[in-house]
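Chemist: Before we start, here is the structure in question, set down as structure tokens.
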Amino acid sequence: MQSHPAPPRLTVEGLACRRGGRMIFAGLSFDLGPGDALVVTGRNGAGKSTLLAILAGRLRPEAGEIGFSGDGEATLPESLHWIAHRDGLKTALTARENLAFAADMLGAPALDPLAALERVGLPHVHDMPVAYLSAGQRRRVALARLLAARRPVWLLDEPTAALDAASQETLRGLMREHRAAGGLVIAATHLPLGLDQARDIALAPPSGATAQDHEALS
């Protein structure tokens, strides 16, 4: 009898971040279960990318707790895709080679690289070095990594950057499918993403921040 992965749950309580001696945000709490989406907004410097980096395990918070449960004993960093503002692609490799590398590194391979490129409308660039692709095409190759390896939590930093209207609609479809399958989406963005029943958090300097803190974040 085939077993099914345990549904993911992510709990954040009282999270705070200090950078360069200044408090960026504090008292951040949320609880996400299967199929949930969280949209994180705020002006430049409010800590949107920093929050994703903390969840990905790349930065340590000043305070607070992050709890995660999912399939087996996998930790949160082992259970997520992080598509950062930079695409994180190896420019000397082809689009297909980048996806194959990601699937090998991340484990739990899902779609074949060619099939993943097909889903984002790029089957014709599979054998082209990423260095020769446009900014929008590179972004779509980066997003195709979400399909090349199966991971329940998606952290997306400005996911619509460089995408035209058709590609943004493709992204919305991918996020809908991921959520329908029980996955989580956390997206930091300046632009509406069109996610149904998504929760919203607007990051801002904590109430105790000084005038200098506010000036540094503007």
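The values are calculated or read from the model by the stated rules, or taken from the named source; none is laboratory data. What you see is a predicted model; the values in this text were computed from it and never measured. Here Cβ is always computed from backbone atoms with ideal geometry, including for glycine, and neighbour counts include all displayed protein chains.
Chemist: Looking at ALA149, is it farther than 26 Å from GLY194 by Cα, in contact (Cβ under 8 Å) with a residue 12 or more places away in the chain and surrounded by fewer than 20 Cβ atoms within 10 Å (Cβ to Cβ)? Break it down stepwise before answering.
Modeler: On the way: farther than 26 Å from GLY194 by Cα: no; in contact (Cβ under 8 Å) with a residue 12 or more places away in the chain: yes; surrounded by fewer than 20 Cβ atoms within 10 Å (Cβ to Cβ): yes.
Considered against the rule, which asks whether it is farther than 26 Å from GLY194 by Cα, in contact (Cβ under 8 Å) with a residue 12 or more places away in the chain and surrounded by fewer than 20 Cβ atoms within 10 Å (Cβ to Cβ), ALA149 comes out as no.
Chemist: From the set of residues in the stretch 64-80 that are in contact with a helix residue (DSSP H, G or I) (Cβ under 8 Å, 6 or more places away or on another chain) and either at pLDDT below 95 or among the small types (Gly, Ala, Ser) (or both), which is surrounded by the most Cβ atoms within 10 Å (Cβ to Cβ)?
Modeler: Narrowing the stretch 64-80 to residues in contact with a helix residue (DSSP H, G or I) (Cβ under 8 Å, 6 or more places away or on another chain): 66, 68, 70-71, 76, 80.
Filter once more, keeping what is either at pLDDT below 95 or among the small types (Gly, Ala, Ser) (or both): 70-71.
Details: GLY70: 22, ASP71: 17.
Among them, the one singled out is GLY70.
Chemist: Restrict the check to the stretch 98-121 and report whether at least one residue is polar (S, T, N, Q) and either in contact (Cβ under 8 Å) with a residue 60 or more places away in the chain or crowded, with 19+ Cβ neighbours inside 10 Å (or both).
Modeler: Yes; the residues of the stretch 98-121 include at least one that is polar (S, T, N, Q) and either in contact (Cβ under 8 Å) with a residue 60 or more places away in the chain or crowded, with 19+ Cβ neighbours inside 10 Å (or both).
Chemist: So, of the residues in the stretch 152-167 that are in contact (Cβ under 8 Å) with a residue 24 or more places away in the chain and over 15 Å from the mean Cα position of the chain (by Cα), which turns out to be farthest from ALA135 (Cα to Cα)?
Modeler: ALA166
Chemist: Condition first: within 16 Å of ILE83 (Cβ to Cβ) and surrounded by fewer than 13 Cβ atoms within 10 Å (Cβ to Cβ). Now tell me which residues in the stretch 178-190 satisfy that.
Modeler: Answer for the stretch 178-190, where residues must be within 16 Å of ILE83 (Cβ to Cβ) and surrounded by fewer than 13 Cβ atoms within 10 Å (Cβ to Cβ): just HIS190.
Chemist: Could I ask something else about it? Looking only at the stretch 28-46, which residues are touching a strand residue (DSSP E or B) at 6+ places or on another chain (Cβ under 9 Å) and at pLDDT below 95?
Modeler: First, pick out the residues of the stretch 28-46 that are touching a strand residue (DSSP E or B) at 6+ places or on another chain (Cβ under 9 Å): 28-42, 45-46.
If the condition is that a residue be touching a strand residue (DSSP E or B) at 6+ places or on another chain (Cβ under 9 Å) and at pLDDT below 95, then GLY42, GLY45, ALA46 are the ones that fit.
Chemist: To continue, here is another question. Are any residues in the stretch 7-49 under 30 Å from ALA181 (Cα atoms) and small (Gly, Ala, Ser), and if so, which ones?
Modeler: GLY14, SER29, GLY33, GLY35, ALA37, GLY42, GLY47, SER49
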